[in-house]
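Read-outs: derived from the displayed coordinates by stated rules, not from any lab. Owing to the predicted nature of the structure, the values given are computational and were not obtained by experimental measurement. Ideal geometry is used to build each Cβ from the backbone, glycine not excepted, and the neighbour counts take in all protein chains shown.
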Amino acid sequence: MAGERSRKAQAIDDLAQLTPDLASLGWDDELDRWAAEVESASDGDGPAAFESLRGRVARVSRGFSLVFTGGDAVLAASDSTRTRTDLVPATGDYVIVQDSEADGPHVLDIAPRSTALTRRAPGRVPEPQVLAANVDSVFVMHGLDRPTNLRRIERQLAVGWASGATPVVVLTKSDQIADPEELQRTVDEVAAVAPGVATLAVSMVTGDGMDDVEARIPPGSTVALMGLSGVGKSTLVNLLSGGQVQRTGEVRAADRRGRHTTVTRDLIPIPGRGHIIDTPGIREIGLWQAYDGLALAFPEIAEAAAQCRFADCAHEAEPGCEVQDGLASGAIAERRLDHWRELTAELELQESQLEEFARRAESRDRADANRRRDSERPNRRARRKGRRR
Ligand SMILES: Nc1nc2c(ncn2[C@@H]2O[C@H](COP(=O)(O)OP(=O)(O)OP(=O)(O)O)[C@@H](O)[C@H]2O)c(=O)[nH]1
Ligand SMILES: [Mg+2]
Ligand SMILES: [Zn+2]
């Protein structure tokens with residue numbers, strides 16, 4: 001247990017040792033203008049170690065954000081109780097950190113995000129959780145040591161597209177398929193469910209395909225990794241960063257499952273390249289209001305559906321249904337149509353849940369307001385009581 005803790009502390013320290021400069025972190029003129037506005041609007045409360053610093057969030061953990069600032073990394077409080085705001089920084093966010101006597105270093109403001117990799121937060125309440133901010137592309141990663149799960153890839157692509165970034169499918173452990181023809185068949189099968197998306201096969205053991213992967217992390221760019229535990233996300237980071245920045249873990253021999261080695265989302269600079277955001281493996285990623293992402297992940301279906309004769313076509317047996325025509329001609333695969341329907345239903349259910357929660361919150365607010373009004377007017381209450389008597 002103590003060993004576990006110190007290993008974790010070690011990993012955090014390693015990240016904090018890195019000092020990428022702001023320009024390489026993607027800080028540009030537009031962010032300068034935003035920061036100048038924020039800084040001029042705020043005034044610190046007296047002498048402190050520093051007034052304010054600009055930076056990018058490298059990790060969020062237990063109410064604190066580790067922020068790369070160009071110089072030494074700063075650990076800044078970023079939860080609502082400490083900063084008395086409702087800011088929720090995510091790894092990859094551009095932020096202003098302010099130091100003050102009262103609060104110590106804390107995240108003062110978060111720049112508007114250019115993109116945000118967002119999932120539905122686990123739990124009953126429908127709400128979003130940003131996994132990574134300001135990313136240019138999302139690597140959807142799968143290990144070729146396990147049977148390919150096309151549905152999982154389709155779901156992840158919908159989430160990836162919905163972020164506003166460009167998804168790339170990265171099939172790892174290509175060394176685990178000895179027969180080159182079988183490997184090619186597998187890659188083709190995956191590519192067929194990823195229209196418009198680059199599909200790469202790579203081995204971190206032999207180095208096969210690594211050049212193609214590296215080429216997708218150009219200088220100044222940020223790539224977020226997504227995939228089950230054990231697919232090799234942290235192995236990729238270590239290989240490209242030229243060091244053991246991230247811990248990696250063996251997969252279990254029996255079922256090839258990973259052991260959830262990575263537990264935080266970390267922004268890691270890749271020398272001569274861009275940045276990678278390594279993430280903990282997620283089994284099933286929930287969609288968050290991802291209609292656009294879904295359309296981009298299933299373009300052949302979305303495009304056909306837009307051309308149906310009736311705007312509210314259910315694509316069952318209506319006349320002039322382009323989706324049914326696509327099925328008949330083979331342009332649309334039945335399996336994909338079924339999955340698209342399922343994912344659409346998931347989003348529609350989420351919408352109705354959101355409406356329901358909003359309705360409940362509204363009536364709660366109204367009840368609160370009534371109670372406040374009553375307690376502020378004791379006379380009126382007394383009068384009412386009097387009437388009842
Ligand atoms: N054969 C082979 N093994 C690989 C390859 N890439 C990664 N591995 C192994 O896969 C195991 C899991 O790798 P990790 O990098 O820890 O996986 P991860 O995706 O970061 O997993 P979590 O942090 O748990 O989400 C390790 O034992 C790696 O050595 C590869 O290309 N080929
Ligand atoms: Mg990992
Ligand atoms: Zn239709």
Quiz item: Nearest 20 debye, what's the magnitude of the dipole of the chain about its Cα centre given +1 on Lys and Arg Cβ and -1 on Asp and Glu Cβ?
Solution: 3040
Quiz prompt | Antiparallel content of DSSP bridges confined to the chain, in %, to 5 | solution = 60
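When Ile217, Ile276, Ile301, Ile177 are ordered from fewest to most other Cβ atoms inside 10 Å of their Cβ, what list results? Don't skip to the answer; put the middle values down first.
Values: Ile217 22, Ile276 28, Ile301 25, Ile177 19.
Going from sparsest to densest Cβ surroundings: Ile177, Ile217, Ile301, Ile276.
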Quiz item: What's the exposure ranking of Lys173, Lys233, going from fewest to most Cβ atoms within 10 Å?
Solution: Lys173, Lys233
Quiz item: Dimensions of the chain along principal axes (Cα, Å, largest first)?
Solution: 85, 62, 46
Quiz prompt | Positive-pole candidate from Ser78, Asn238, Trp34, dipole of the chain, charges at beta carbon | solution = Ser78
Quiz item: Using the 10 angstrom Cβ neighbour count as an exposure proxy, how do Asp32, Asp99, Asp14 rank, fewest first?
Solution: Asp32, Asp14, Asp99
